[in-house]
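To keep things clear, I will list the structure first and then write my remarks on it.
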Amino acid sequence: MTAPGLADTPMRPPEGDSSVFVDSNVLLYAVDEADPDKQRIARNWRAELWKSRRGRISFQVLGEFYVNAVRKQPKAREEARAEIRDLLAWNPVATDAALLERGWMLQDRYQLSYWDALIVAAAKAASSRYLLTEGLQSGQRLDGVEVVNPFLRSPESVL
């Protein structure tokens, strides 16, 4: 769920502030009731990113979120779609030829999986300083983007 009235306008961070690129695993924890502690933390991150207008994603992340949310809860298809419609305000990065090339370069340079490399490339394309994920090593810097594990750091430490 988004902050009221914010889903209709593209998100732009305040001048001079950096954005936070969010991986699909964080979005999934926010809607998954299987781990209430992680759900609470992921929801807090999501709310703070809406409030600060610093959240960023890619169409790849939206696709991964949708496929996994519906796989876990087939009856939640409409809720997943509504969440994605709201997240379109986060200016999703599209995968194009330049992003593929940068992703392949990052894959080779850092020995990342193809999908992780595309997410790092998209974070860089979105001019994000941080990548919020538990899928990579927290604190690691990849092409100028710092990996932040949302379960090890609070939004206040980044925002």
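No value in this document is a laboratory result; all are computed from the given coordinates. Keep in mind it's a predicted model, so treat the numbers as computed, not measured. Here the Cβ is made from the backbone with ideal geometry for all residues, glycine too, and neighbour counts use every protein chain on show.
Quick look at the values:
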| item | result |
| --- | --- |
| Hey, Ser127 closer than 16 Å to Val20 by Cβ, surrounded by fewer than 15 Cβ atoms within 10 Å (Cβ to Cβ) and touching a strand residue (DSSP E or B) at 6+ places or on another chain (Cβ under 8 Å) or not | yes |
| Near pairs, Cβ below 6 angstrom, 6+ apart or cross-chain, from segment 121-142 (part of a helix (DSSP H, G or I)) to any residue that is acidic (Asp, Glu) | Lys124/Asp143 |
| Exclusive hit being in a helix (DSSP H, G or I) and either in contact with a Gly (Cβ under 6 Å, 6 or more places away or on another chain) or surrounded by fewer than 18 Cβ atoms within 10 Å (Cβ to Cβ) (or both), set Leu49, Leu28, Leu62 | Leu49 |
| Test: residue in segment 91-113 that is under 29 Å from Glu33 (Cβ atoms), touching a helix residue (DSSP H, G or I) at 6+ places or on another chain (Cβ under 7 Å) and part of a helix (DSSP H, G or I) | no |
